[in-house]
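Taking it in order: structure first as C-alpha coordinates, then the write-up.
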Amino acid sequence: MSKRRQFTVAGIPYGVTGLPFIFFSPNTGWNYGIRLHLADYRRRPYRYKLTLHVHRSSAGKLKNRFRLKVPRISGTGFGLRFEFIRGRTLRTRYYGLGNNSEFNRDFVNDKSPDFKDANYYYYVLERDPRFLLSLLREIYGSASISVGFGMERIDVDQRGTAAFYLEKGTPDGVVDGFSGFASATLQWDTRDDEVVPRRGFYQEWSYESARNSLLGLFFEQIDFSRITLTNAYYIPLGSRWNFSHRTVLEVLSGSVPLYAYGEIGGSRRVKGLGGNGSLRGFDTQRFTDDVRFFSNAELRYQIYEIRLFRQHIEWQGMAFFDVGRVWADLDQIGLSGMHRSGGGGMRIIWDADFVIRMGMGIGGEQTDAWLSLGQNF
(Lines give C-alpha, C1' and ligand atoms only; values in the text may rest on other atoms or scores of the structure.)
Protein backbone atom coordinates (compact mmCIF):
# COMPACT_ATOMS: atom_id res chain seq x y z
CA MET A 1 0.00 0.00 0.00
CA SER A 2 2.84 2.42 0.84
CA LYS A 3 4.20 2.07 -2.70
CA ARG A 4 0.90 3.31 -4.16
CA ARG A 5 -0.11 6.25 -1.96
CA GLN A 6 1.13 9.51 -3.49
CA PHE A 7 -0.82 12.39 -1.99
CA THR A 8 -3.64 13.19 0.43
CA VAL A 9 -6.64 15.46 -0.12
CA ALA A 10 -8.93 16.24 2.85
CA GLY A 11 -7.37 13.32 4.68
CA ILE A 12 -8.03 10.85 1.83
CA PRO A 13 -4.98 9.04 0.38
CA TYR A 14 -4.94 8.82 -3.43
CA GLY A 15 -2.72 7.32 -6.06
CA VAL A 16 -2.52 8.47 -9.69
CA THR A 17 -0.43 6.85 -12.40
CA GLY A 18 -0.55 7.28 -16.15
CA LEU A 19 1.28 8.29 -19.28
CA PRO A 20 0.51 9.99 -22.58
CA PHE A 21 1.94 8.16 -25.58
CA ILE A 22 2.67 8.73 -29.24
CA PHE A 23 4.30 6.36 -31.72
CA PHE A 24 4.30 5.45 -35.41
CA SER A 25 3.27 2.08 -36.83
CA PRO A 26 3.48 1.17 -40.54
CA ASN A 27 0.12 -0.60 -40.18
CA THR A 28 -1.91 2.01 -38.27
CA GLY A 29 -0.01 5.27 -38.85
CA TRP A 30 0.55 7.73 -36.02
CA ASN A 31 -0.86 6.49 -32.72
CA TYR A 32 -1.52 8.77 -29.76
CA GLY A 33 -3.43 8.69 -26.50
CA ILE A 34 -3.24 8.41 -22.74
CA ARG A 35 -3.74 5.83 -20.01
CA LEU A 36 -4.62 6.89 -16.45
CA HIS A 37 -5.27 5.10 -13.15
CA LEU A 38 -6.84 6.81 -10.13
CA ALA A 39 -7.39 4.98 -6.84
CA ASP A 40 -8.73 5.86 -3.39
CA TYR A 41 -6.64 3.96 -0.82
CA ARG A 42 -8.74 4.43 2.31
CA ARG A 43 -9.06 0.65 2.58
CA ARG A 44 -7.31 -2.43 1.17
CA PRO A 45 -6.83 -3.09 -1.65
CA TYR A 46 -8.58 0.20 -2.52
CA ARG A 47 -11.96 1.84 -1.98
CA TYR A 48 -12.42 2.36 -5.71
CA LYS A 49 -10.25 2.43 -8.80
CA LEU A 50 -10.81 4.23 -12.11
CA THR A 51 -9.01 3.31 -15.32
CA LEU A 52 -9.18 5.47 -18.45
CA HIS A 53 -7.54 4.42 -21.70
CA VAL A 54 -7.85 6.58 -24.84
CA HIS A 55 -6.06 5.50 -28.03
CA ARG A 56 -6.48 6.74 -31.60
CA SER A 57 -4.47 6.53 -34.79
CA SER A 58 -4.28 8.47 -38.03
CA ALA A 59 -5.37 5.33 -39.95
CA GLY A 60 -8.55 4.90 -37.90
CA LYS A 61 -7.58 2.63 -35.03
CA LEU A 62 -9.60 3.35 -31.89
CA LYS A 63 -9.53 2.01 -28.33
CA ASN A 64 -11.48 3.86 -25.66
CA ARG A 65 -11.99 2.15 -22.33
CA PHE A 66 -13.42 3.30 -19.02
CA ARG A 67 -13.47 0.99 -16.01
CA LEU A 68 -14.67 1.50 -12.44
CA LYS A 69 -14.15 -1.13 -9.76
CA VAL A 70 -15.44 -0.89 -6.19
CA PRO A 71 -14.42 -4.07 -4.31
CA ARG A 72 -16.80 -3.40 -1.39
CA ILE A 73 -19.67 -0.91 -1.15
CA SER A 74 -19.93 0.17 2.49
CA GLY A 75 -22.78 -1.45 4.39
CA THR A 76 -23.90 -3.77 1.58
CA GLY A 77 -21.45 -6.65 1.41
CA PHE A 78 -21.37 -6.25 -2.37
CA GLY A 79 -18.89 -4.79 -4.82
CA LEU A 80 -19.34 -3.30 -8.28
CA ARG A 81 -17.54 -3.29 -11.59
CA PHE A 82 -18.57 -1.20 -14.59
CA GLU A 83 -16.83 -1.22 -17.96
CA PHE A 84 -17.39 0.68 -21.20
CA ILE A 85 -15.39 -0.11 -24.33
CA ARG A 86 -15.53 1.41 -27.78
CA GLY A 87 -12.93 0.39 -30.31
CA ARG A 88 -11.87 -0.31 -33.86
CA THR A 89 -9.11 -2.85 -34.52
CA LEU A 90 -7.71 -2.67 -38.05
CA ARG A 91 -5.76 -5.94 -38.05
CA THR A 92 -7.84 -8.61 -36.33
CA ARG A 93 -6.51 -11.98 -37.50
CA TYR A 94 -8.27 -15.09 -38.70
CA TYR A 95 -6.28 -18.02 -40.14
CA GLY A 96 -9.07 -20.57 -39.95
CA LEU A 97 -9.90 -23.21 -37.37
CA GLY A 98 -7.53 -25.94 -36.27
CA ASN A 99 -4.22 -26.40 -34.50
CA ASN A 100 -2.46 -26.75 -37.86
CA SER A 101 -4.15 -23.87 -39.68
CA GLU A 102 -1.94 -22.68 -42.52
CA PHE A 103 -0.36 -19.27 -42.88
CA ASN A 104 0.50 -19.08 -46.58
CA ARG A 105 2.97 -16.22 -46.91
CA ASP A 106 2.63 -16.22 -50.70
CA PHE A 107 -0.92 -14.92 -50.31
CA VAL A 108 0.38 -11.72 -48.64
CA ASN A 109 3.60 -11.31 -50.66
CA ASP A 110 3.01 -8.93 -53.57
CA LYS A 111 5.98 -10.44 -55.42
CA SER A 112 4.45 -13.93 -55.42
CA PRO A 113 2.31 -15.18 -58.32
CA ASP A 114 -0.18 -16.43 -55.69
CA PHE A 115 -0.56 -12.98 -54.11
CA LYS A 116 -4.09 -12.12 -52.97
CA ASP A 117 -3.81 -9.08 -50.67
CA ALA A 118 -1.41 -7.83 -48.01
CA ASN A 119 -4.33 -7.86 -45.56
CA TYR A 120 -5.76 -11.20 -46.68
CA TYR A 121 -5.73 -12.72 -43.16
CA TYR A 122 -6.94 -9.54 -41.44
CA TYR A 123 -10.33 -7.96 -40.92
CA VAL A 124 -11.56 -4.75 -39.29
CA LEU A 125 -13.43 -5.31 -36.03
CA GLU A 126 -15.48 -2.44 -34.65
CA ARG A 127 -16.93 -2.70 -31.15
CA ASP A 128 -19.50 0.07 -30.85
CA PRO A 129 -19.89 -0.22 -27.93
CA ARG A 130 -19.59 -2.81 -25.13
CA PHE A 131 -21.16 -2.29 -21.70
CA LEU A 132 -20.62 -4.57 -18.72
CA LEU A 133 -22.03 -4.24 -15.20
CA SER A 134 -21.03 -6.82 -12.58
CA LEU A 135 -21.96 -7.31 -8.95
CA LEU A 136 -19.25 -8.79 -6.73
CA ARG A 137 -19.73 -10.67 -3.47
CA GLU A 138 -17.21 -12.20 -1.08
CA ILE A 139 -18.35 -15.67 -0.03
CA TYR A 140 -15.82 -16.75 2.54
CA GLY A 141 -12.18 -15.88 3.07
CA SER A 142 -10.45 -15.67 -0.31
CA ALA A 143 -13.47 -16.91 -2.29
CA SER A 144 -15.79 -14.54 -4.15
CA ILE A 145 -18.50 -14.67 -6.79
CA SER A 146 -19.73 -12.21 -9.39
CA VAL A 147 -22.62 -12.00 -11.85
CA GLY A 148 -22.59 -9.67 -14.81
CA PHE A 149 -24.84 -8.39 -17.55
CA GLY A 150 -23.89 -6.51 -20.67
CA MET A 151 -24.49 -5.64 -24.30
CA GLU A 152 -22.24 -5.22 -27.29
CA ARG A 153 -22.47 -4.57 -30.98
CA ILE A 154 -19.74 -5.92 -33.24
CA ASP A 155 -19.25 -5.03 -36.90
CA VAL A 156 -16.78 -6.96 -39.07
CA ASP A 157 -15.52 -5.62 -42.42
CA GLN A 158 -12.84 -6.87 -44.77
CA ARG A 159 -9.53 -5.05 -44.58
CA GLY A 160 -8.38 -5.44 -48.17
CA THR A 161 -9.71 -6.41 -51.60
CA ALA A 162 -9.62 -10.11 -50.67
CA ALA A 163 -10.29 -11.71 -47.28
CA PHE A 164 -9.65 -15.22 -46.00
CA TYR A 165 -12.81 -15.26 -43.86
CA LEU A 166 -14.96 -14.40 -46.90
CA GLU A 167 -13.32 -16.91 -49.24
CA LYS A 168 -13.30 -19.81 -46.77
CA GLY A 169 -16.42 -18.91 -44.80
CA THR A 170 -16.89 -18.71 -41.04
CA PRO A 171 -17.31 -21.76 -38.75
CA ASP A 172 -21.01 -21.32 -37.95
CA GLY A 173 -21.94 -18.84 -40.65
CA VAL A 174 -22.08 -16.04 -38.05
CA VAL A 175 -19.79 -13.04 -38.48
CA ASP A 176 -21.02 -10.15 -36.34
CA GLY A 177 -24.09 -8.50 -34.84
CA PHE A 178 -25.68 -7.23 -31.65
CA SER A 179 -25.87 -9.42 -28.55
CA GLY A 180 -26.72 -9.30 -24.89
CA PHE A 181 -24.76 -11.49 -22.51
CA ALA A 182 -24.79 -12.72 -18.95
CA SER A 183 -21.84 -14.06 -17.00
CA ALA A 184 -21.06 -15.74 -13.70
CA THR A 185 -17.61 -16.01 -12.15
CA LEU A 186 -16.24 -17.82 -9.12
CA GLN A 187 -12.80 -16.79 -7.85
CA TRP A 188 -10.37 -18.01 -5.23
CA ASP A 189 -7.63 -15.42 -4.74
CA THR A 190 -4.83 -15.60 -2.16
CA ARG A 191 -2.37 -13.36 -4.03
CA ASP A 192 -0.51 -10.78 -1.96
CA ASP A 193 -1.15 -8.14 -4.64
CA GLU A 194 -3.62 -7.79 -7.51
CA VAL A 195 -1.28 -6.05 -9.98
CA VAL A 196 2.22 -7.24 -9.04
CA PRO A 197 1.79 -10.54 -7.16
CA ARG A 198 4.82 -12.24 -5.65
CA ARG A 199 3.17 -15.06 -3.76
CA GLY A 200 -0.20 -16.74 -3.64
CA PHE A 201 -2.72 -18.54 -5.79
CA TYR A 202 -5.45 -17.40 -8.16
CA GLN A 203 -8.18 -19.57 -9.64
CA GLU A 204 -11.20 -18.48 -11.66
CA TRP A 205 -14.15 -20.35 -13.16
CA SER A 206 -16.05 -18.17 -15.63
CA TYR A 207 -19.24 -18.84 -17.62
CA GLU A 208 -20.67 -16.49 -20.25
CA SER A 209 -23.74 -16.83 -22.45
CA ALA A 210 -24.44 -14.47 -25.35
CA ARG A 211 -27.40 -14.34 -27.70
CA ASN A 212 -29.42 -12.02 -29.92
CA SER A 213 -32.60 -14.10 -30.21
CA LEU A 214 -34.83 -11.03 -29.87
CA LEU A 215 -33.09 -9.48 -32.85
CA GLY A 216 -32.79 -12.64 -34.90
CA LEU A 217 -34.88 -11.14 -37.72
CA PHE A 218 -32.30 -8.44 -38.32
CA PHE A 219 -28.94 -10.11 -37.65
CA GLU A 220 -27.34 -13.50 -38.09
CA GLN A 221 -28.28 -15.65 -35.10
CA ILE A 222 -25.79 -15.34 -32.24
CA ASP A 223 -26.29 -17.95 -29.54
CA PHE A 224 -23.12 -19.23 -27.90
CA SER A 225 -21.49 -19.77 -24.55
CA ARG A 226 -17.96 -19.93 -23.23
CA ILE A 227 -16.51 -21.57 -20.14
CA THR A 228 -13.07 -20.30 -19.13
CA LEU A 229 -10.87 -21.81 -16.42
CA THR A 230 -7.83 -19.85 -15.21
CA ASN A 231 -5.23 -21.05 -12.73
CA ALA A 232 -2.16 -19.05 -11.65
CA TYR A 233 0.33 -19.27 -8.81
CA TYR A 234 3.34 -17.28 -7.65
CA ILE A 235 6.28 -18.69 -5.67
CA PRO A 236 9.00 -16.43 -4.18
CA LEU A 237 12.49 -17.89 -4.59
CA GLY A 238 14.27 -15.37 -2.39
CA SER A 239 14.09 -11.61 -1.98
CA ARG A 240 14.42 -10.90 -5.72
CA TRP A 241 13.54 -14.09 -7.61
CA ASN A 242 10.02 -15.29 -8.31
CA PHE A 243 8.48 -18.15 -10.30
CA SER A 244 5.05 -17.45 -11.81
CA HIS A 245 2.84 -19.82 -13.76
CA ARG A 246 -0.56 -19.56 -15.45
CA THR A 247 -2.77 -22.03 -17.33
CA VAL A 248 -5.98 -21.19 -19.19
CA LEU A 249 -8.51 -23.58 -20.74
CA GLU A 250 -11.58 -22.36 -22.61
CA VAL A 251 -14.47 -24.16 -24.32
CA LEU A 252 -16.83 -22.50 -26.83
CA SER A 253 -20.18 -23.98 -27.83
CA GLY A 254 -23.21 -22.98 -29.89
CA SER A 255 -23.38 -20.67 -32.91
CA VAL A 256 -20.08 -18.89 -32.34
CA PRO A 257 -19.53 -15.63 -34.28
CA LEU A 258 -16.23 -14.96 -36.00
CA TYR A 259 -15.13 -12.27 -33.54
CA ALA A 260 -15.52 -14.57 -30.50
CA TYR A 261 -12.81 -16.87 -31.89
CA GLY A 262 -10.34 -13.98 -31.65
CA GLU A 263 -10.45 -13.55 -27.87
CA ILE A 264 -10.33 -15.65 -24.71
CA GLY A 265 -12.79 -14.78 -21.95
CA GLY A 266 -12.80 -14.58 -18.18
CA SER A 267 -12.67 -11.46 -16.03
CA ARG A 268 -9.67 -10.28 -18.08
CA ARG A 269 -10.07 -10.99 -21.77
CA VAL A 270 -7.01 -11.52 -23.93
CA LYS A 271 -6.45 -11.92 -27.65
CA GLY A 272 -5.54 -15.43 -28.54
CA LEU A 273 -4.28 -17.91 -29.16
CA GLY A 274 -1.02 -16.14 -30.00
CA GLY A 275 0.48 -12.76 -29.18
CA ASN A 276 1.99 -11.18 -26.08
CA GLY A 277 -1.08 -11.91 -23.93
CA SER A 278 -1.14 -15.68 -24.44
CA LEU A 279 1.32 -17.58 -26.68
CA ARG A 280 4.22 -15.17 -27.05
CA GLY A 281 6.43 -15.50 -30.12
CA PHE A 282 3.48 -16.33 -32.40
CA ASP A 283 1.33 -13.88 -34.32
CA THR A 284 -1.68 -12.51 -32.45
CA GLN A 285 -4.73 -14.79 -32.76
CA ARG A 286 -2.67 -17.31 -34.72
CA PHE A 287 -4.62 -20.45 -33.65
CA THR A 288 -8.27 -20.88 -32.75
CA ASP A 289 -10.99 -23.49 -32.39
CA ASP A 290 -13.77 -24.44 -29.98
CA VAL A 291 -11.32 -25.62 -27.29
CA ARG A 292 -8.26 -23.48 -26.49
CA PHE A 293 -5.44 -24.01 -24.02
CA PHE A 294 -2.24 -22.18 -23.14
CA SER A 295 0.29 -22.16 -20.32
CA ASN A 296 2.82 -19.45 -19.36
CA ALA A 297 5.82 -20.02 -17.09
CA GLU A 298 7.99 -17.07 -16.03
CA LEU A 299 11.12 -16.68 -13.95
CA ARG A 300 11.11 -13.07 -12.71
CA TYR A 301 13.95 -11.08 -11.18
CA GLN A 302 13.77 -7.68 -9.49
CA ILE A 303 16.67 -5.80 -11.09
CA TYR A 304 16.39 -2.48 -9.29
CA GLU A 305 13.95 -0.27 -7.41
CA ILE A 306 14.07 3.38 -6.47
CA ARG A 307 11.87 6.00 -4.85
CA LEU A 308 12.10 9.28 -6.75
CA PHE A 309 9.95 12.37 -6.18
CA ARG A 310 7.61 10.27 -4.02
CA GLN A 311 7.19 7.77 -6.87
CA HIS A 312 8.20 4.11 -6.52
CA ILE A 313 9.80 2.70 -9.70
CA GLU A 314 10.80 -0.94 -10.12
CA TRP A 315 12.59 -2.71 -12.98
CA GLN A 316 11.90 -6.40 -13.36
CA GLY A 317 13.48 -8.84 -15.81
CA MET A 318 11.96 -12.16 -16.84
CA ALA A 319 12.49 -15.27 -18.94
CA PHE A 320 9.49 -17.25 -20.14
CA PHE A 321 8.38 -20.50 -21.73
CA ASP A 322 4.89 -20.83 -23.24
CA VAL A 323 2.93 -23.74 -24.67
CA GLY A 324 -0.53 -23.88 -26.20
CA ARG A 325 -2.80 -25.49 -28.75
CA VAL A 326 -6.45 -25.77 -29.83
CA TRP A 327 -8.85 -28.67 -30.45
CA ALA A 328 -12.23 -29.03 -32.13
CA ASP A 329 -13.78 -31.01 -29.24
CA LEU A 330 -13.09 -31.76 -25.60
CA ASP A 331 -12.66 -35.48 -26.26
CA GLN A 332 -9.61 -34.70 -28.44
CA ILE A 333 -7.61 -33.08 -25.63
CA GLY A 334 -4.09 -34.45 -25.23
CA LEU A 335 -0.48 -33.39 -24.77
CA SER A 336 0.63 -33.92 -28.37
CA GLY A 337 0.84 -31.13 -30.91
CA MET A 338 1.65 -28.34 -28.46
CA HIS A 339 3.07 -25.13 -29.92
CA ARG A 340 6.06 -23.85 -27.93
CA SER A 341 7.80 -20.54 -27.58
CA GLY A 342 10.38 -18.91 -25.34
CA GLY A 343 12.06 -15.59 -24.75
CA GLY A 344 12.60 -12.80 -22.29
CA GLY A 345 11.75 -9.24 -21.47
CA MET A 346 11.45 -6.50 -18.90
CA ARG A 347 8.73 -4.75 -16.91
CA ILE A 348 8.80 -1.21 -15.57
CA ILE A 349 6.41 -0.96 -12.62
CA TRP A 350 5.29 2.45 -11.37
CA ASP A 351 3.85 2.63 -7.84
CA ALA A 352 3.00 -1.10 -8.00
CA ASP A 353 0.06 -0.16 -10.24
CA PHE A 354 1.12 0.98 -13.72
CA VAL A 355 3.04 -1.64 -15.72
CA ILE A 356 4.94 -1.25 -18.99
CA ARG A 357 5.91 -4.56 -20.60
CA MET A 358 8.47 -5.15 -23.32
CA GLY A 359 9.92 -8.37 -24.61
CA MET A 360 10.84 -10.71 -27.42
CA GLY A 361 9.62 -14.23 -28.07
CA ILE A 362 10.70 -16.94 -30.50
CA GLY A 363 7.99 -19.28 -31.77
CA GLY A 364 7.85 -21.97 -34.41
CA GLU A 365 7.01 -19.55 -37.23
CA GLN A 366 8.57 -16.20 -36.34
CA THR A 367 10.23 -13.95 -33.79
CA ASP A 368 7.95 -11.39 -32.19
CA ALA A 369 8.75 -8.25 -30.16
CA TRP A 370 6.28 -6.12 -28.22
CA LEU A 371 5.82 -3.04 -26.08
CA SER A 372 2.57 -3.02 -24.13
CA LEU A 373 0.79 -1.51 -21.13
CA GLY A 374 -0.61 -3.53 -18.24
CA GLN A 375 0.33 -6.75 -16.48
CA ASN A 376 -0.42 -9.98 -18.35
CA PHE A 377 -0.74 -12.15 -15.22
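Within the range 98-117, residues that are under 27 Å from VAL326 (Cα atoms) have Cβ atoms under 8 Å from residues that are surrounded by fewer than 10 Cβ atoms within 10 Å (Cβ to Cβ) and not aliphatic (A, V, I, L, M) in these pairs: ASP106/PRO113, counting only partners at least 6 apart in sequence or on another chain. Name every residue in the range 265-290 that is crowded, with 19+ Cβ neighbours inside 10 Å and in a strand (DSSP E or B), in order of residue number. Within the range 265-290, THR288 is the sole residue that qualifies.
From the list PRO45, PRO20, exactly one residue is part of a strand (DSSP E or B) and in contact with a strand residue (DSSP E or B) (Cβ under 9 Å, 6 or more places away or on another chain). Which is it? So the residue among PRO45, PRO20 that is part of a strand (DSSP E or B) and in contact with a strand residue (DSSP E or B) (Cβ under 9 Å, 6 or more places away or on another chain) is PRO20. Restricting to the range 237-282, and then to whatever is under 25 Å from GLY345 (Cα atoms) and of a type in the set (Val, Ile, Thr), can you tell me which residue is nearest to the chain's Cα centre (by Cα)? Among residues in the range 237-282 that are under 25 Å from GLY345 (Cα atoms) and of a type in the set (Val, Ile, Thr), the one nearest to the chain's Cα centre (by Cα) is VAL270.
Results for (1) at pLDDT below 95; (2) in contact with a Phe, Trp or Tyr (Cβ under 9 Å, 6 or more places away or on another chain); (3) more than 30 Å from TYR46 (Cα to Cα); (4) surrounded by fewer than 18 Cβ atoms within 10 Å (Cβ to Cβ), shown as yes or no for each residue.
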position: ALA143; (1), (2), (3), (4): no, yes, no, yes
position: ALA162; (1), (2), (3), (4): yes, yes, yes, yes
position: SER179; (1), (2), (3), (4): yes, yes, yes, no
position: ASP189; (1), (2), (3), (4): no, yes, no, yes
position: ARG198; (1), (2), (3), (4): no, yes, no, yes
position: GLN203; (1), (2), (3), (4): no, yes, no, yes
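Contact annotation: residue pairs with Cβ atoms under 8 Å, 6 or more positions apart or on different chains, pairing a residue in the range 37-61 that is in contact (Cβ under 8 Å) with a residue 60 or more places away in the chain and more than 20 Å from PHE84 (Cβ to Cβ) with a partner that is assigned to a loop (DSSP other than H, G, I, E, B) and of a type in the set (Asp, Glu), are PRO45/ASP193; PRO45/GLU194.
Note on the range 291-336: residues that are part of a strand (DSSP E or B) and without any contact (Cβ under 8 Å) to a residue 12 or more places away in the chain amount to 5. Scanning the range 158-211 for residues being of a type outside the set (Ser, Thr, Tyr) and farther than 23 Å from SER146 by Cα gives a total of 20.
Being touching a residue at least 60 places away in the same chain (Cβ under 8 Å), closer than 30 Å to THR17 by Cβ and either of a type in the set (Val, Ile, Thr) or surrounded by fewer than 20 Cβ atoms within 10 Å (Cβ to Cβ) (or both) is the filter here, so list the residues in the range 361-370 that pass it.
Pass one, the range 361-370, residues touching a residue at least 60 places away in the same chain (Cβ under 8 Å): 361-368, 370.
Then drop every residue that is not closer than 30 Å to THR17 by Cβ, which leaves 361, 368, 370.
Residue satisfying the conditions is TRP370 alone.
Here are some residues: ALA59, ALA118. Which one is touching a strand residue (DSSP E or B) at 6+ places or on another chain (Cβ under 7 Å), outside any strand (DSSP E or B) and aliphatic (A, V, I, L, M)? Show your work before the answer.
Numbers: ALA118 fails: touching a strand residue (DSSP E or B) at 6+ places or on another chain (Cβ under 7 Å).
Selected residue: ALA59, the only one of ALA59, ALA118 that is touching a strand residue (DSSP E or B) at 6+ places or on another chain (Cβ under 7 Å), outside any strand (DSSP E or B) and aliphatic (A, V, I, L, M).
Do we have GLY374 as surrounded by 17 or more Cβ atoms within 10 Å (Cβ to Cβ), under 23 Å from VAL196 (Cβ atoms) and out of contact with any Leu (no Cβ under 9 Å at 6 or more places or on another chain) here? Steps first, please.
Details: surrounded by 17 or more Cβ atoms within 10 Å (Cβ to Cβ): no; under 23 Å from VAL196 (Cβ atoms): yes; out of contact with any Leu (no Cβ under 9 Å at 6 or more places or on another chain): yes.
Answer is no for this residue.
The set of residues from the range 302-326 being farther than 29 Å from GLY275 by Cβ and either surrounded by 16 or more Cβ atoms within 10 Å (Cβ to Cβ) or among the small types (Gly, Ala, Ser) (or both) comprises just one member, HIS312.
The values are calculated or read from the model by the stated rules, or taken from the named source; none is laboratory data. Since this is a predicted model, take the numbers as computed values, not measurements. Every residue, glycine among them, receives a Cβ derived from its backbone with ideal geometry; neighbour counts consider all protein chains shown.
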